[in-house]
Amino acid sequence: MAQSKHCRTGWEDVKLFLTLFVCTVFSPLALAKETASQTPCTVGREAFIWAAPQRPSLGQPLRVKAVAIRGIGHELIAWDPKGRKLALKVVNRGGPPENLTAEIPRPESGNYRIELLRQGKPIGCRQIVMDGSGAGPTTPREWNEESEAFYAAWVEQLFDVPLGQDLNLSSLTPLLRNPERNFLYNYADHGEDAGIDITPDCADLPYVLRAYFAWKLELPMGFRECGRGAAGAPPRCGPPTMQARSGNTRFSETSKLLMDTVHSGSARTALRDNATDYYPVELSRAALRPGTVFADPYGHVLILAKWVPQTDTRGGQLLAVDAQPDNTVSRKRFWEGTFLFANDVPDAGPGFKAFRPLVQSGGTIRPLSNAELSGGQYGTPYSIEQAHMTAEDFYARMAKLINPQGLDPVQAYEETLNALVEQLEARVGSVNNGERYVRENPHTLVSMPDGADIFQTTGPWEDYATPSRDMRLIIAMRVLSDLPQQITRHPELFLLKGRSTNAARSEVEKLHAKRIRERGITYLRSDGSEWQLTVAEILARKAALEVAYNPNDCAERRWGARPGTEEYSPCTRKAPADQEARMQTYRHWFHEGRRPPA
């Protein structure tokens, strides 16, 4: 009996030891798991985290976006209510600002903790309570550094399709209705996007995006009625119209009102003017973030969408989107053929600009002045530097930003040729749209405006004529042909690797003669048959393209085909004699690549 008692006592001691060991070693880990999602967020304001929908529901997908105000190389992590680290599929968009997106497919009841890490340390944190009530934390309702960074990240995701994949849509609506692209889709969680149908043109697009974002986050939105400018004077604007911040019906009314109010003159205001919707920014990667607009001096407007970094095997790119009068939305790369810059156009304030933030002051909403924006506390600082740059300096600065390591001359040529072909392919679509309109409206003559109004008007001419696009195309053709000379003028932009500038120039000239015969496009003739044109053939037709923007002309004439040739044979219509005569009068604008004052 004594021996039996001794054995029981020993076993109890072992059990006691094991219990203490387990409690000592594993209990803190269990406690950490239980409290990971409960620990209060105490990090600073270097990063911000949003969740969509704003009031998440149990079992429904929860989208998460983290935006870092500065820096790169972040990691997004999350814990569920039981303290378990989630296996997130994270998409990292490099920005600026760098932003990371993930989805929690079926959140359970309890407290979720989301963190953004830099070098293993949390710099951004948010707790999301899933209690089945549909209640969730609200977002800031003012324009500040946080909301401006979120806007840039939202724009980048909206238009972020893989390189090499075309973004060419019939309208903006499909993107806004796509939850994979639109982080704010169904943000209020009551189906508010079901009735959205928006068809902006190039000047409308930035405003519509800004208004949509403001509507979703209940931010103030304002816009001004502006003139179009006159000889020697940029456009001037009236007082801002402020809009209410809620309601789907109200947003539909707002978008219609702003599209009826704004135009290309809204973006071409003087760079020093305070009474504007936009203000100029500096030329830097941090300032030129998605959502920034580019206003060319001749009336076209683009909105920046993404920076593509330079690598050892690929040149960098700065991508933008624009809308056309026919409602199409497409993505384009920055280069001289699409971003026209000139500081000697007295009736325009061209260049990169950001939306002027609206703030609450004395019980009213007001836009900030240029002086107030100079400090940068609201995002991108006001800068006048573009006012002092020649076109050549402007493009050289941008080339250095896009490819800071410089480009091999051959690589630079191939990038430029690719950009021109993209522009030609976009024109194929525009000409096809005009042909479709004529087929659907037989015996209808499209009225042609007089003088400079051919570039800015309303109705079928605005929708289907291509004078602005063709002028940019002619300039782009000139840029490609001039690239060998660019090597001589700006050798600092190229990686010559011991070659002389003359040797590099000669190499590119030989490459140019070869490649323009290998690349080309295919367009549809009047009878629906396909016809191929090489870039060399199109370059040789530059003079014909100076008068090829009229939708009353057949497709063959619009692509510069000569009467009597096989290519021309399906053509059965051409513009009236009076319109042809006026196009000849206006030809010098296209030959010189300079639009007349409005």
**OP:** Test residue 459 against the stated conditions and say whether it is assigned by TED's automatic domain parsing to the domain that holds residue 531 and touching a residue at least 60 places away in the same chain (Cβ under 8 Å).
**Re:** no
**OP:** Might you check whether a residue that is surrounded by 14 or more Cβ atoms within 10 Å (Cβ to Cβ), touching a Lys or Arg at 6+ places or on another chain (Cβ under 8 Å) and more than 30 Å from residue 572 (Cβ to Cβ) occurs anywhere in segment 437-455?
**Re:** yes
Subject >> Candidate set: segment 338-378, residues that are of a type in the set (Gly, Ala, Ser) and crowded, with 23+ Cβ neighbours inside 10 Å; chosen: the one nearest to the chain's Cα centre (by Cα) >> reply: 354
Original post:
Would segment 319-328 turn up any residue that is of a type in the set (D, E, K, R), part of a loop (DSSP other than H, G, I, E, B) and touching a helix residue (DSSP H, G or I) at 6+ places or on another chain (Cβ under 7 Å)?
Top reply: yes
Subject >> Odd one out for residue 207 among (1) more than 24 Å from residue 419 (Cβ to Cβ); (2) modelled with pLDDT of 90 or more; (3) not polar (S, T, N, Q); (4) not in a helix (DSSP H, G or I) >> reply: (4)
Original post:
Does any residue in segment 72-89 that is within 15 Å of residue 129 (Cβ to Cβ) come within less than 8 Å, Cβ to Cβ, of a residue that is among the acidic types (Asp, Glu) and in a loop (DSSP other than H, G, I, E, B) six or more places away or on a different chain, and which pairs are these?
Top reply: 80/108; 81/108
Subject >> Flag if residue 430 is farther than 30 Å from residue 313 by Cβ, outside the structural domain of residue 201 (by TED's automatic domain parsing) and surrounded by 19 or more Cβ atoms within 10 Å (Cβ to Cβ) >> reply: yes
Subject >> Residue in segment 578-596 that is surrounded by the fewest Cβ atoms within 10 Å (Cβ to Cβ), counting only those that are assigned to a loop (DSSP other than H, G, I, E, B) and of a type in the set (Lys, Arg) >> reply: 594
Original post:
Looking at 100, 58, which is the one that is touching a residue at least 24 places away in the same chain (Cβ under 8 Å), of a type in the set (A, V, I, L, M) and not in a strand (DSSP E or B)?
Top reply: 58
**OP:** Filter segment 168-195 down to residues that are touching a Ser or Thr at 6+ places or on another chain (Cβ under 8 Å) and surrounded by fewer than 18 Cβ atoms within 10 Å (Cβ to Cβ) and give me whichever is nearest to residue 89 (Cα to Cα).
**Re:** 189
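For segment 349-382, name all the residues that are assigned to a strand (DSSP E or B) and not β-branched (Val, Ile, Thr).
Residues of segment 349-382 assigned to a strand (DSSP E or B): 351-355, 358-361, 364-367, 382.
351, 352, 353, 354, 355, 358, 360, 361, 366, 367, 382, listed by residue number.
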**OP:** Under 6 Å between Cβ atoms, at least 6 apart or on separate chains: pull out the pairs that start in segment 190-206 with a residue that is closer than 26 Å to residue 266 by Cβ and end on any residue that is surrounded by fewer than 22 Cβ atoms within 10 Å (Cβ to Cβ) and at pLDDT below 85.
**Re:** 199/327
Original post:
Is segment 477-494 home to any residue that is modelled with pLDDT of 95 or more, buried (at least 19 other Cβ atoms within 10 Å of the Cβ) and either in a loop (DSSP other than H, G, I, E, B) or not assigned by TED's automatic domain parsing to the domain that holds residue 447 (or both)?
Top reply: no
Subject >> Test result for residue 323, more than 16 Å from residue 343 (Cα to Cα), touching a residue at least 24 places away in the same chain (Cβ under 8 Å) and surrounded by 23 or more Cβ atoms within 10 Å (Cβ to Cβ) >> reply: yes
Original post:
Within segment 542-562, can one find any residue that is crowded, with 19+ Cβ neighbours inside 10 Å, assigned to a loop (DSSP other than H, G, I, E, B), modelled with pLDDT of 95 or more and touching a His at 6+ places or on another chain (Cβ under 8 Å)?
Top reply: yes
**OP:** Name the residue, out of 260, 326, 296, 277, that is modelled with pLDDT of 95 or more and either within 16 Å of residue 206 (Cβ to Cβ) or of a type outside the set (Val, Ile, Thr) (or both).
**Re:** 277
Original post:
Within the bounds of segment 235-249, is there any residue that is within 21 Å of residue 372 (Cβ to Cβ), touching a helix residue (DSSP H, G or I) at 6+ places or on another chain (Cβ under 6 Å) and assigned by TED's automatic domain parsing to the domain that holds residue 382?
Top reply: no
Original post:
Which of the residues that make up segment 85-118 are surrounded by 19 or more Cβ atoms within 10 Å (Cβ to Cβ) and β-branched (Val, Ile, Thr)?
Top reply: 101, 104, 114
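Could you tell me which of the residues 141, 126 is in contact with a Cys (Cβ under 9 Å, 6 or more places away or on another chain) and in contact (Cβ under 8 Å) with a residue 60 or more places away in the chain?
126
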**OP:** Take segment 524-550 and flag every residue that is touching a residue at least 60 places away in the same chain (Cβ under 8 Å) and farther than 19 Å from residue 476 by Cα.
**Re:** 524, 526, 550
Original post:
If you take the residues of segment 299-318 that are part of a loop (DSSP other than H, G, I, E, B) and among the small types (Gly, Ala, Ser), which of them is nearest to residue 596 (Cα to Cα)?
Top reply: 299
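The values are calculated or read from the model by the stated rules, or taken from the named source; none is laboratory data. A quick note: this is a predicted structure, and the numbers were derived from the prediction, not measured. All Cβ positions, glycine included, derive from the backbone under ideal geometry; neighbour counts span all protein chains shown.
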